[in-house]
Amino acid sequence: GIKCGGVLSASSGNFSSPNFPGPYPYETECTWLIVVAEGSSVLLSFSHFELEYHAACAYDYLQVYNGAAQDQGNLLGTFCGHSPPPPFSSAWHVMSVVFRSDRHVAKRGFAAAYRKDACGGQLTGLSGEITSPRYPESYPNDAECRWSIGGTGSGGPLTLVFADFQVEGSQGCGFDYVALFDGPTAAAPRLGHYCGSARPPRTVSSTPYLLVLFKSDFNIGGRGFKAHFYSAGECQQVFTTVKGNFSSPRYPNFYPNNLKCQWSIQLPPGYRVKVFFLDMELEGRSSLTGGCDYDHLAAFDGGAENGSLLGRWCGRENPSPITSRSNQLLLVLHTDRNMAKRGFSIAYVGVVPMNVSCTRTDFHIQIPVQSLAHLERNRIYLGTPSCAAQVVGRNFKIHTRFDTCGTESQKRNNTSVIISTLYIDFSSGNQEDIHQYEVQCEPKRKEASVTLIAGPDPSRLSQAENLLDAQQREGRATDARETKSQDTSDIVFISICILAGLLMVIAVVGLVLL
């Protein structure tokens with residue numbers, strides 16, 4: 001029967017827990033929805049805070065949400081005990097505050113105040129968006145706005161990217177301008193000072209904080225600006241190792257809303273990138289379009305979003321592994337303002353560039369030394385360690401007959417094939433890491449193929465993919481010139497056929513003469 005919560009739509013105001021400053025009632029749930037003018041943000045602060053304490057705030061607690069939706073992606077923090085929450089600034093014009101108490105132990109509760117902030121504020125999310133006042137309409141005169149970005153706990157640097165920029169221009173940018181500082185205040189080193197209509201360059205802080213200062217004078221305005229920021233820790237990563245794994249921010253807990261995260265995999269020339277999706281749960285497809293219109297993960301061939309789209313996923317899909325066509329692959333996660341889920345976990349492995357060919361009796365395998373420059377030749381072998389690669393020029397080479405090196409004959413699709421396993425041992429110290437490729441030859445047609453059968457985690461990355469494409473076939477033609485002198489099996493076979501034919505002719509002539 002306790003009345004609490006409600007919609008707070010004034011430009012400023014106060015609210016508190018029921019009965020404050022007396023003890024709050026048991027088994028109570030209150031929700032305050034704070035809504036200010038669109039284009040503004042909400043500044044929230046606490047003057048008193050005293051709730052029942054629990055290490056995980058499992059009993060009585062207060063939660064602050066960025067926006068109206070109460071899902072984990074919007075959650076700015078959960079608080080209890082005697083330490084008041086820090087001041088908060090919403091990423092847009094709506095903020096929610098939820099208070100819950102259980103059936104035991106009541107304290108005095110809390111008192112809070114909020115106000116509309118026309119611009120600026122403290123932004124603590126992993127990513128977000130800031131705009132000049134009234135954007136995209138002309139900004140007001142005599143404005144001064146400060147956005148202090150940081151304090152996410154990730155500890156990584158911050159990146160700021162301007163999507164639009166039009167501010168009154170002048171020599172030295174002395175009238176209207178945007179200034180960037182490498183820290184939480186204007187006392188920090190300045191990273192840039194901009195005006196006019198040219199978009200400022202991408203800016204990366206050297207600290208976990210970044211201050212954006214916007215000032216306008218008494219006349220002449222412009223459209224203003226729109227910019228995105230993100231933490232370079234969990235949300236922006238570049239991988240250059242031959243194998244690795246990563247996940248969405250906060251995985252396996254719910255990812256934050258309003259994100260744009262990028263993971264770029266950049267391997268040495270010749271490699272291709274194979275990505276395995278170990279787990280995925282994103283917001284589902286749109287009921288109207290059936291597409292991934294809300295939260296989604298996209299993969300692009302190359303290092304930029306203008307590359308070929310390899311896939312776009314959402315919901316609880318279980319995508320098959322994908323392989324890039326170049327040595328770079330980019331994954332981009334977009335999340336909107338509502339409905340966060342568990343996210344995803346991904347592993348990748350660099351597919352070693354190699355040429356594989358065969359005759360009726362032999363395998364020929366060639367791998368550029370620069371692709372495995374840090375490996376000794378005995379770490380690369382076919383079937384058994386005794387069949388290790390040799391270094392010939394700039395290549396590791398394995399040339400072996402079918403009756404050696406653990407090869408075996410099998411029937412596949414009613415066709416006789418010769419099978420062996422190529423091992424590349426990346427193990428270091430006590431950690432075993434052996435990549436396995438199945439090498440296959442169809443002797444009658446002299447066609448070879450190679451398939452990755454075990455990467456960084458054989459128990460989970462068991463799906464195979466044929467890695468022999470047109471580029472390898474072109475390479476095989478070049479390699480064939482090198483192996484032609486070694487391949488005498490065809491010549492012997494033809495010679496035997498000619499000799500048998502001659503013997504048959506002689507035998508027939510002899511019978512006729514008799």
Pairing the Cα long axis of helix 489-513 with the longest principal axis of the chain, what angle in degrees results, from 0 to 90 and rounded to the nearest 10? 30 degrees
When only DSSP loop residues count, what trypsin sites (Lys or Arg not before Pro) in the range 170-238 have their Cβ near at most 11 other Cβ atoms within 10 Å? Arg202
19 Å Cα-Cα threshold exceeded, pairs from Lys411/Lys444; Lys274/Lys446; Lys411/Lys446: Lys274/Lys446
Backbone HN-Hα couplings from phi across the range 52-61 [Karplus 6.51/-1.76/1.60, Hz, Gly and Pro as x]: 4, 8, 8, 4, 9, 6, 8, 9, 9, 7
Here the relative contact order (percent) of the chain, from C-alpha pairs under 8 Å and at least 6 apart, is 10 percent
Modelling each spin label as a point 7 Å along the Cα-to-Cβ direction, I'd like the Thr384/Ile498 distance in nm, to one decimal. 3.8 nm
Extension reserve of the Ser427-Glu137 stretch, reckoned as 0.36 nm per residue once the Cα distance is removed: 98.5 nm
Given a Förster radius of 22 Å and the C-beta distance between Ser11 and Ser45 as r, what FRET efficiency does 1/(1 + (r/R0)^6) yield to the nearest 0.05? 0.90
Along the charge dipole of the chain, Cβ charges K/R +1 and D/E -1, which of Pro268, Ser320, Gly172 sits furthest on the positive end? Pro268
Before anything else, pin down the relative contact order of the range 236-351: Cα pairs under 8 Å, at least 6 apart, normalised by residue count, whole percent. 43 percent
Can you give the extra length, in nm with one decimal, that the chain gains between Arg199 and Thr241 once fully stretched, where that is 0.36 nm per residue apart less the Cα-Cα distance? 11.8 nm
Peptides ranked, highest mean first, by Cβ atoms within 10 Å: ranges 105-116, 377-388: 105-116, 377-388
How high is the relative contact order of the range 355-454, in percent, with contacts defined as C-alpha pairs under 8 Å that are six or more residues apart? 26 percent
What order do His48, His399, His296, His82 take when sorted by accessible area (1.4 Å probe), most exposed first? His82, His399, His48, His296
Tilt, helix 470-483 to longest principal axis of the chain (alpha-carbon atoms), in degrees rounded to tens, equals 40 degrees
Label-point gap, in nm, between Thr415 and Ser170 - each point 7 angstrom along Cα→Cβ: 7.6 nm
Longest segment of the chain with no GluC sites (Glu not before Pro) in a DSSP loop having at most 14 other Cβ atoms within 10 Å? 138-304
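The values are calculated or read from the model by the stated rules, or taken from the named source; none is laboratory data. Note that the structure is predicted; figures quoted are calculated from it, not measured. We place every Cβ from the backbone using ideal geometry, glycine too, and count neighbours over all the protein chains shown. For accessibility, only protein heavy atoms count, side chains too; no ligands or nucleic acids. Shrake-Rupley method; radii C 1.70, N 1.55, O 1.52, S 1.80 Å.
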